[in-house]
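Chemist: One structure, pasted below without further comment.
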Amino acid sequence: MTSKIGEIMLSEDIVEFLHGVRVFALGTRSPALRPATARVMGVFANAAKGQISLFLPNVQCDPHLANLADNGLVALTAEDPRSHRSYQLKGSVVEIRPSTDADIAIRDVYRDKLMSYFRQHSFVPLPDHFIGDYIVDPSTTITFRVLKIFNQTPGPNAGRPVDFIPVEG
Amino acid sequence: MPHADPVTLPAEVMPALQGAIPATIVTCALDGEPNATTVSQVHYVDRNHVALSFQFFSKTIRNVRENPYAAVQVINPVDFSVWLFDLRYDHSETEGPLFDDMDMKLEAIASMTGMSDVFKLRGADVYEVLAVRKAPWRRT
């Protein structure tokens, strides 16, 4: 089964994947095409609106907010740390705002799940402060429209577009 | 062209270059599209160069050959500090001591992560370190 996400069709499988215990990284670039990276503290996939909201601690916002104000281009990776199943979602920013209480509730659930995962399942068990010591507040929510999705699971299919099906009509 | 004032990698960053925790790399195509992905190894070469494992013919590989800049984050597995690198692609090595070292290390990483049938080193991509800093992202 698929859901309509913006101008593409995104499988429910991917939405479910994004809401699981994943490691997220953000990529943006400057006007001079200099890339920058940050560690995202969870996402919310809004299938009805075709958008992904990511939660970025303000301490990590430089230089991303300036980059996004310049060009709005987002690259987001999501990796299952256990299986290495990975996707990259690319798109264009539609909104940047301070995280709301609802955003923070989602982020905190994500952070708790991630800590639980690393405590129990990582190859080398990691203590809670591995995640817990990240400074997460205050936080900014960056919402972008997904325009491209790529398989990034290591292997021969890495880099191939996923569910890139134009919406008819 | 060599950097005017070469950066020297601090000793504190060395544990982060052992490959215990995968790193993240962001690059940018000449058309302006950023690309983010995971990289298995960020390998110490000398005081102002690191090498990244080139395993697949990926968008990252294509990007740095047309726009050589890359942003990388690595995590120190000892104290979990995050380190940010600004890099510039220099060249790729497909044989020799650096390649052999990284190939051996990649085999170990692949074995530990169940990816032995997938990971294969195609090249050791050497980057000049333009800047390195400890990210102020964690309580210390």
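Chemist: Could you order A:PHE150, B:PHE85 by accessible surface area, starting with the largest, using a probe radius of 1.4 Å?
Modeler: So the residues, ranked largest to smallest area, are A:PHE150, B:PHE85.
Chemist: Along the Cα→Cβ direction, 7 angstrom out, place labels at A:GLN120 and B:MET104. What is the inter-label distance in nm?
Modeler: Going by the 7 Å Cα→Cβ label model, 3.9 nm.
Chemist: Remind me, relative contact order of region B:10-140 in percent, using alpha carbon pairs under 8 angstrom and six or more residues apart?
Modeler: Reported as a whole number, the value is 28 percent.
Chemist: How shielded is A:150-159 by partner chains, expressed as the average number of their Cβ atoms within 10 Å of its Cβ atoms?
Modeler: Counting other chains' Cβ atoms within 10 Å and averaging over A:150-159 gives 5.
Chemist: Projected onto the charge dipole of the protein assembly as shown (+1 at Lys/Arg Cβ, -1 at Asp/Glu Cβ, origin at the Cα centre), which of A:PRO156, A:ALA45, B:THR8 gives the Cα projection farthest towards the positive end?
Modeler: A:ALA45
Chemist: Rounded, prolate or oblate: which fits region A:2-151, taking a ≥ b ≥ c as square roots of the Cα gyration tensor eigenvalues, rounded meaning a/c under 1.5, else prolate when a/b beats b/c?
Modeler: Oblate shape, in that a/c is at least 1.5 and b/c is the bigger or equal ratio.
Chemist: Other chains near B:134-140: what is the mean number of their Cβ atoms within 10 Å of each residue's Cβ?
Modeler: Neighbouring Cβ atoms belonging to other protein chains average 5 per residue here.
Chemist: Oh, and also: About the Cα centre, and with charges only on the beta carbon of Lys, Arg (+1) and Asp, Glu (-1), how big is the dipole of chain B? Nearest 20 debye, please.
Modeler: I would put it at about 500 debye.
Chemist: Moving on. For region B:92-140, what is the charge dipole size about the Cα centre, in debye to the nearest 20, if Lys and Arg each add +1 at the Cβ and Asp and Glu each add -1 at the Cβ?
Modeler: 640 debye
Chemist: Per DSSP H run of at least 4 residues, take -39500 (n - 2.57); add these up for chain B, divide by its residues and hand me the 222 nm value, nearest 500 deg cm²/dmol.
Modeler: -5500 deg cm²/dmol
Chemist: Quick check on region A:116-161: take the gyration tensor over C-alpha atoms, sort the square-rooted eigenvalues as a ≥ b ≥ c, and tell me if it's rounded (a/c under 1.5), prolate or oblate.
Modeler: Because a/c hits 1.5 or more and a/b fails to exceed b/c, region A:116-161 counts as oblate.
Chemist: Is there a quick way to get the dipole size of region A:2-151? I mean about its Cα centre, with the Cβ of Lys and Arg at +1 and of Asp and Glu at -1; what is the value in debye to the nearest 20?
Modeler: Computed about the Cα centre, the dipole is about 400 debye.
Chemist: Please turn the phi angles of region B:37-45 into ³J(HN,Hα) values with the Karplus equation 6.51 cos²θ - 1.76 cosθ + 1.60 (θ = phi - 60°), one per residue in order, whole Hz, x for glycine and proline.
Modeler: Working through the residues one at a time gives 7, 9, 10, 6, 9, 10, 10, 5, 9 Hz.
Chemist: Counting only protein chains, not ligands or nucleic acids, how are B:VAL64, A:VAL93 ordered by accessible area (probe 1.4 Å), most first?
Modeler: Ranked list, largest accessible area first: A:VAL93, B:VAL64.
Chemist: Right, here's the next one. What percent does the relative contact order of chain A come to when contacts are Cα pairs within less than 8 Å and at least six residues apart?
Modeler: Relative contact order here is 28 percent.
Chemist: So, with a 1.4 angstrom probe, what is the percent of accessible area on region B:11-134 that is carbon and sulfur?
Modeler: Using a 1.4 Å probe with all protein chains present, region B:11-134 comes out at 52 percent carbon and sulfur.
Chemist: Nearest 100 Å² is fine: how much accessible area is buried between B and A, summed over both sides, with a 1.4 Å probe?
Modeler: Chains B and A together bury approximately 3100 Å².
Chemist: What's the longest piece of chain B with no exposed trypsin sites (Lys or Arg not before Pro), counting a site as exposed if DSSP puts it in a loop and it has at most 11 other beta carbons within 10 Å?
Modeler: B:48-138
Chemist: Residues of A:79-87, mean number of Cβ from any other protein chain within 10 Å of their own Cβ, rounded to a whole number?
Modeler: Shielding by partners across A:79-87 averages 2.
Chemist: Of the heavy-atom accessible surface of region A:30-126 (probe 1.4 angstrom), what whole percent is carbon and sulfur?
Modeler: After summing per-atom areas, the C and S share lands at 56 percent.
Chemist: Roughly how many Å² is the accessible area per residue of chain A, as a whole number, for a 1.4 Å probe?
Modeler: Normalised by residue count, the accessible surface of chain A is 44 Å².
Chemist: Quick check on chain B: take the gyration tensor over C-alpha atoms, sort the square-rooted eigenvalues as a ≥ b ≥ c, and tell me if it's rounded (a/c under 1.5), prolate or oblate.
Modeler: Rounded.
Chemist: A further question follows. In straight Cα distance, which aspartates and glutamates are under 13 Å from A:LYS148, not counting same-chain residues fewer than 8 positions off?
Modeler: A:GLU7, A:ASP163, B:GLU33
The values are calculated or read from the model by the stated rules, or taken from the named source; none is laboratory data. No experiment lies behind these values; they were computed from the predicted model shown. Quick reminder, even Gly has a Cβ in these numbers, built from the backbone with ideal geometry, and neighbours come from all protein chains shown. Ligands, DNA and RNA are excluded from the accessible area calculation, which covers all protein heavy atoms including side chains. Shrake-Rupley method; radii C 1.70, N 1.55, O 1.52, S 1.80 Å.
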